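Here the structure is laid out as structure tokens; the discussion comes afterwards.
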Amino acid sequence: MSQSTIAIPVFPGTNCEADVAHAVTLFGGIAKVLYHDETNLEGIDGVIIPGGFAHGDYLRTGAIARFSPIMPAIEKLSQKGVPILGVCNGFQILCEAKMLPGALQKNVGMKFICQETGLEVVSSSPITSRLSQGTRLTIPINHFEGNYTCDDSTYENLVKNNQIVLRYTDNPNGSRDSIAGICNERRNVVGLMPHPERASEEILGNSDGAEMLRSFMDAVVSSRMALPA
Amino acid sequence: MTATMENQTPLHRQLGLTDDELEAITQVLDSRAPNDLELAMFSVMWSEHCSYKSSRQYLKTFPTQGEHVLVGPGEGAGVIDIGDDMALAIRIESHNHPSAVEPYQGAATGVGGIIRDIFSMGARPIACLDSLRFGNLDDARTRYLTEGVVSGISGYGNAVGVPTIGGEVIFDKCYKGNPLVNVMALGVLPKSRLTLAKASGDGNLAVLLGSATGRDGIGGASVLASAGFDETSETKRPSVQVGDPFTEKKLIEACLELLESGLAVGVQDLGAAGISCATSETAAAGSMGIDVDIAKIHLRETGMTPAEIMISESQERMLAIVTPQNLDAVLGLAKKWEIDASVIGKVNNSQRFRIFRDGFDSEILADVPVGALGDGPEYNRPNIRDTQLDDRQKVDTNNILAEKFSNTKNFNNETLKVLAQPTIASKAWIYSQYDHQLFLQTVVKPGADASLIRVHGAKAGVGITVDGKGRWCALDPYHGAVAIAIEAIANLSCVGVVPKALVNNLNFGNPEHPEVMNTFSEVVRGTSDVCLASSTPVVGGNVSFYNESNGVNIDPTPVFGVVGTRESIEGKIPGVAFNEDDVLVLVEPMSAKSSGSGHVTLAGSELATMFDLRDGMAPVLDINSSLKTCDAIRKVSYDGVISAVHDISDGGLVTCLAEMSCASSIGFDVAIESNSETTLALFGEGPARFVIGVHQDDLAKVMKEFSDPAISATVIGRAGNDRCKIAHDSDLAVDLEVSEIKEIWSSALSQAIHQ
């Protein structure tokens, strides 16, 4: 099978696009960085919405980005079952776009936090398929608004459908039930606050994120096989 | 000053110009008195901050040459070659006065300003480091300033997408009324994209990109940066600019795309003196003239006077010089990145800088020779050594402290107290608020001796450090500057990096005080001596005078940002953390070992400061043997034959060992033999001294690297277990649990902030 092409949308204010592109290339994919006015996603096998400050995080993180022309195209792909991953600001955007339930509010300590953070794998998903449940990882977080919140019925659904993908082992931001990452019911859209791409090479002192990104590339390949050519 | 008095003061004096300066301006204008607009522009451009009128004669003496130097001082940023057709742009700048008035915005716009300097050269900004100075944290306002500055750096730097990968902070009472916020930035560029801010080509257009111009930051350079502080400083708040990192991020992308696609002849950032400076300087640099149509400048508010528009320091603005053929493409790019753009001027051959009211056939509001604004006066201010210095240097701080502790055998309490000093304690509370990992480049993260990054597209690794201990320069400006520069080089050597370029931010008091000018010139001399001996040219810098509050000057505080390279980023990089059973070796210049050399001293040390002992002589270094020691450390670090290395810096040997212990959670058992007192042996400070951790099997090989007679290497003990033990001349001076040390060192800063 040919290499998979991963779209990396860039909104004004996005800043992790080059990092994600680097990681995609590292794990065998073709990275295609697309500006947010792009509406044609033909030939795209997977999407990673990178971190940053889309539209300056003005109004509310992700609140303006959800209206960008590229978003309906991404949603359409997600409906076909194409794997979509949102990292940090990408997670916030996916929540605002209602492609994932819940919201991310300011950290409990009211400070930006950039540090290595302990995680535990809770369920299998496009980013955890290579990792067994209960696996402990250390991945950096880098956010001011990473405190996951949702109403009780949403939370009960998340638990019931096994949609909680990752939990913090030492909840750094006050997230409900220490949630660090979730997926949608169909399990092809995933959002997480930690940055696996920042922990995917030995030279950076941590490669715990490599298996997460390899899992995602696996998911992209499976989705391509399942989709009509 | 009352309103009536203000009215009686001539305008030029209100704007900070002297009578002689007014006379000089009149001469430049062929005996015509400047009008109010011209006067306003001259007042800012001829301010100390913009014109370096007191410092220029000394700055000229810095060594600035080097084979690898592509751009030296005087441009937006210094640029050096790092191989593989890649170059590095480096710059440091202060935002002291704005931060003292409004800490969040002051620091934020300091970050924004320096980042614009970097991308104006065609370089992508990839890293910032901050050097911060505050008063003691027992003061509530200092805590407010500290939290505000850190939040400002975090809020702006993270959002603009430039990681803050290192820095340093010192708390000392001399900065209580006048904190220092120095920001250093690095950018990377393919050599082919190097762009200088030059307006060439008759008929080319000046396009203003970015934010609308408002009344924020009017006179920031002249009002704030070029005068000291007193109780009226609060009223200067309107002179502080407000930052918008989102607009800056879009400007970065737009300008880099502009330069990458060859659409701009030159790009210049708008900093101090705003549009007047950017337009006149680019035209002067290209030996051209420029006409500006003031009506075309997009404004944030109505009713602004021409003078306000021309000297406004509104943030996030850039000036691009483009050919008429490329204009549409440039405007298209601006539209793509959602930034405003207006054609505000035209380059011509007139050698004049002219401002028009509304269209190039309308009233001329100002007309001056194009170079005049940038060609400010140069002063040879009185320069006299402070006579009190001789008496202060005679004070034997080592002896005072030795006597204070003459009956003390156990220094556990003093060790814990030193480790709990905010200057010494872990700075994780600060750097965990900064994105320090963006761009997947940070190989050695904040909290180490120097930061180390890989540059995508280049083989070399780049090391960066920023250092500046004012206390030493207060005791002796020449030796203090030497010690700081060596300290920076020592930090780089810990990560295996050869120094390649130095930028300095010279923070001093009032240059109208002759003893301040003397400390300034002595610091310049000391810096130059180390730069020459280490082949580290000065590629840029910034001078910040008038750092005084209520007539009291800060300690002279030169801050040196030193950048260097290692041939390859690959390979094992020893950290601060040692391994269980490592042999610990103290490596220092032989000259530091002999007692009485003055290399290691308690004068200016953290221990002395705790007792408010502020006299004595700064460390006196033998430059050559200090550099040789750094060279040897660099080699063993680069070769990866050692497992750990840490330089002995603030807080002395005890602190160095304790920090290595905190990093590894492993204890140590060390014995020091010396003929000096325990206080000096444990807490004495002086750069180019290191502790390394070596595996027993590699010890002989490593020791051979220190065979030069200028270098001393002594096995002092071993790492291991969970206790930190230091014996001095067979008395057990320190015996503490690792966990106790770690708890105090890790939490002291956060506790001091939240007291």
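The values are calculated or read from the model by the stated rules, or taken from the named source; none is laboratory data. All values derive from a computational prediction rather than experimental measurement. Note that each Cβ is placed from the backbone with ideal geometry, even for glycine, and that neighbours are counted across all protein chains shown. In case anyone asks, the SASA skips ligands and DNA or RNA and just uses the protein heavy atoms, side chains included. Shrake-Rupley method; radii C 1.70, N 1.55, O 1.52, S 1.80 Å.
Quick look at the numbers
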{"read-out": "Complete set of residues in region B:5-31 that are in a loop (DSSP other than H, G, I, E, B) and open to solvent by 90 Å² or more (accessible area, probe 1.4 Å)", "value": "B:Asp30, B:Ser31"}
{"read-out": "Qualifying strands (runs of 3 or more DSSP E) (wholly inside region A:98-210; at least 3 residues being farther than 28 Å from A:Phe67 by Cα and within 14 Å of chain B (Cβ to nearest Cβ))", "value": "A:113-121, A:136-143"}
{"read-out": "All strands (runs of 3 or more DSSP E) inside region B:133-223 with 2 or more residues being open to solvent by less than 10 Å² (accessible area, probe 1.4 Å), more than 14 Å from every other protein chain (Cβ to nearest Cβ) and out of contact with any Pro (no Cβ under 9 Å at 6 or more places or on another chain)", "value": "B:180-190, B:205-210"}
{"read-out": "Filter result (assigned to a helix (DSSP H, G or I), of a type in the set (A, V, I, L, M, F, W, C) and either modelled with pLDDT under 95 or open to solvent by less than 10 Å² (accessible area, probe 1.4 Å) (or both)) within region B:517-541", "value": "B:Met517, B:Phe520, B:Val523, B:Val524, B:Val530, B:Cys531"}
{"read-out": "All strands (runs of 3 or more DSSP E) inside region B:283-363 with 3 or more residues being over 14 Å from B:Ala264 (Cα atoms)", "value": "B:289-293, B:341-348, B:352-356"}
{"read-out": "B:Asp358, sole failed condition from (1) closer than 17 Å to B:Lys198 by Cβ; (2) surrounded by fewer than 21 Cβ atoms within 10 Å (Cβ to Cβ)", "value": "(1)"}
{"read-out": "B:Val482 being farther than 27 Å from B:Arg143 by Cα, away from every other protein chain (no Cβ under 14 Å) and of a type in the set (Val, Ile, Thr)", "value": "yes"}
{"read-out": "Set B:Gly332, B:Gly274, B:Gly345: member being surrounded by 22 or more Cβ atoms within 10 Å (Cβ to Cβ) and at pLDDT 95 or above", "value": "B:Gly345"}
{"read-out": "Condition check for B:Ser432: without any contact (Cβ under 8 Å) to a residue 24 or more places away in the chain and buried (at least 17 other Cβ atoms within 10 Å of the Cβ)", "value": "yes"}
{"read-out": "Residue list for region B:361-386, restricted to those being open to solvent by 40 Å² or more (accessible area, probe 1.4 Å) and of a type in the set (A, V, I, L, M, F, W, C)", "value": "B:Ile364, B:Ile384"}
{"read-out": "Filter pass, A:Asn173 being over 21 Å from A:Asn89 (Cα atoms) and either touching a residue at least 40 places away in the same chain (Cβ under 8 Å) or touching a Pro at 6+ places or on another chain (Cβ under 9 Å) (or both)", "value": "no"}
{"read-out": "Members of region A:173-210 that are of a type in the set (Asp, Glu), surrounded by 19 or more Cβ atoms within 10 Å (Cβ to Cβ) and over 12 Å from the mean Cα position of the chain (by Cα)", "value": "A:Asp208"}
{"read-out": "Neighbours by Cβ (under 8 Å, 6+ apart or cross-chain): first from region A:55-67, under 17 Å from B:Ile339 (Cα atoms) and more than 10 Å from chain B (Cβ to nearest Cβ); second at pLDDT below 95 and surrounded by fewer than 19 Cβ atoms within 10 Å (Cβ to Cβ)", "value": "A:Ile64/A:Tyr58"}
{"read-out": "Test: residue in region A:19-27 that is more than 14 Å from chain B (Cβ to nearest Cβ) and either among the small types (Gly, Ala, Ser) or farther than 24 Å from B:Leu251 by Cβ (or both)", "value": "no"}
{"read-out": "Exclusive hit being open to solvent by 70 Å² or more (accessible area, probe 1.4 Å) and acidic (Asp, Glu), set A:Glu116, A:Glu120", "value": "A:Glu116"}
{"read-out": "Filter result for the condition that a residue is outside the structural domain of B:Val265 (by TED's automatic domain parsing), in contact (Cβ under 8 Å) with a residue 60 or more places away in the chain, within 30 Å of B:Val516 (Cα to Cα) and surrounded by 20 or more Cβ atoms within 10 Å (Cβ to Cβ), over B:Leu389, B:Leu401", "value": "B:Leu401"}
{"read-out": "Segments classed as strands (runs of 3 or more DSSP E), wholly inside region A:1-76, with at least 3 members that are open to solvent by 20 Å² or more (accessible area, probe 1.4 Å) and acidic (Asp, Glu)", "value": "none"}
{"read-out": "The one condition in (1) buried (at least 24 other Cβ atoms within 10 Å of the Cβ); (2) on the phi > 0 side of the Ramachandran plot that B:Pro558 fails to fulfil", "value": "(2)"}
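Conditions tested, residue by residue: (1) under 16 Å from the mean Cα position of the chain (by Cα); (2) open to solvent by less than 10 Å² (accessible area, probe 1.4 Å); (3) under 16 Å from B:Asn505 (Cα atoms); (4) in contact (Cβ under 8 Å) with a residue 24 or more places away in the chain.
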site	(1), (2), (3), (4)
B:Lys60	no, no, yes, no
B:Pro73	yes, no, yes, yes
B:His95	yes, no, yes, yes
B:Val101	no, yes, no, yes
